[in-house]
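Heads up: the structure comes next, in structure tokens.
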Amino acid sequence: MNAAPEIKVQGVSKSFGGAKVLDDVSLNFLPGRVNFIIGRSGEGKSVLMKIMTGLYAPDAGSVFYGDLDLTRAAERQINKLRLRMGVLFQDGALFDSMTVGQNVVFPLWVHRRGKKAEAEARARALLSELGLSDFFDLTVAALSTGERKRVALARALMVDPQVVFFDEPTTGLDPLLSTQVDELIIHAQKKTGATVIVVSHDMAATLSLADSIFLLHNGKIILSGAPSEFKASRNPEVVRFLSGGDSLKDAEG
């Protein structure tokens, strides 16, 4: 795959119904790193991710992928960028009416890339890597929660992504499944060399997996840096996160 671009969020603001969710947010994601965006419920973590994937338009500001400003790009340029973008949504967002194999191949069908036999072979190989070698013809309804996450990751990796987004990947999971999802995040980065961006409330995973952490509070980034910088911080909001305060208990936002 081509080298992942540097991603720059510059002065992004977004309001809903007069309530400002993001307020002049700026942050950089260096290529090939694992990044976590953390914050309390309603702080705009998922909104920021949706702006970065082009699902929402900001009220102000820009999102650059290399030299391309996603917020001002033509539809053709946005679609081309999305060919190198993988997204694992919080609930997996699998299609229940399709088999596992059809779900995984779906991104290539949408963009009409490659031959059917080649796409199916790639899907089978990805499922095998993720411990799902016999799952291609199963229905989605037959999957456990952890299996759904792995199928969703296989689908995200089908496009050979330069950037992979994870939206609250461990929400509602027990500790064993959470550990398995953590392993999937590392698998995604090592396999693709992609920039990984995780929206999360899970501080344990954040501190153990992240190269860089960004803390959203009151619509602004109040601290960014390596896990060591967060551990050394005396900012009250950071201290509350590290101590497992109530800011972590609600995963929405």
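The values are calculated or read from the model by the stated rules, or taken from the named source; none is laboratory data. In this text, all values refer to a predicted model and were calculated from it rather than measured experimentally. As a convention, Cβ positions derive from the backbone with ideal geometry for all residues, glycine included, and neighbour counts pool all protein chains shown. Heads up: the accessible areas ignore ligands, DNA and RNA and are worked out on the full protein's heavy atoms, side chains in. Shrake-Rupley method; radii C 1.70, N 1.55, O 1.52, S 1.80 Å.
Data table
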item	result
Debye, to nearest 20: dipole size of the stretch 131-253, +1 on Lys, Arg Cβ, -1 on Asp, Glu Cβ	280 debye
Length-normalised contact order of the chain in % [C-alpha pairs under 8 Å, at least 6 apart]	29 percent
Signed unit charges on C-beta, dipole axis of the chain, positive-most listed residue GLN77, LEU242, TYR65	GLN77
Under 11 Å, Cβ to Cβ, from LEU143 - net charge with Lys/Arg +1 and Asp/Glu -1	+1
Three-way shape label, the stretch 111-212, alpha-carbon gyration tensor, a/c 1.5	oblate
Residue-normalised accessible area of the chain, expressed per residue, 1.4 Å probe, Å²	45 Å²
The chain - charge dipole about Cα centre, Lys and Arg +1 at Cβ, Asp and Glu -1, debye rounded to 20	640 debye
Of all accessible heavy-atom area on the stretch 106-201, the percent that carbon and sulfur account for (1.4 Å)	51 percent
In Hz, Karplus ³J(HN,Hα) per residue of the stretch 183-192 (6.51, -1.76, 1.60; θ = phi - 60°; x = Gly, Pro)	5, 5, 4, 5, 4, 4, 5, 5, 5, 9
Contact order normalised by residue count of the stretch 1-151, Cα under 8 Å, 6+ apart, percent	19 percent
Whole-Hz couplings from phi, Karplus 6.51/-1.76/1.60, listed for the stretch 226-239; x for Gly and Pro	6, x, 4, 5, 5, 5, 8, 5, 10, 4, x, 5, 5, 4
Sequence-separation-based contact order of the stretch 69-200, relative, with Cα cut under 8 Å and 6+ spacing, percent	33 percent
222 nm mean residue ellipticity, helices alone, for the chain (DSSP H n ≥ 4; -39,500 (n - 2.57); rounded to 500)	-11000 deg cm²/dmol
Cut-off of 10 Å, at most 11 other beta carbons, DSSP loop: longest stretch of the chain lacking such trypsin sites (Lys or Arg not before Pro)	116-233
Share antiparallel - DSSP beta bridges, the chain, percent rounded to 5	50 percent
Positive-end residue of GLY86, ILE38, MET49, charge dipole of the stretch 9-105 with Cβ unit charges	GLY86
Long-range lysine pairs (8 or more apart or interchain), the chain, Cα under 16 Å	11
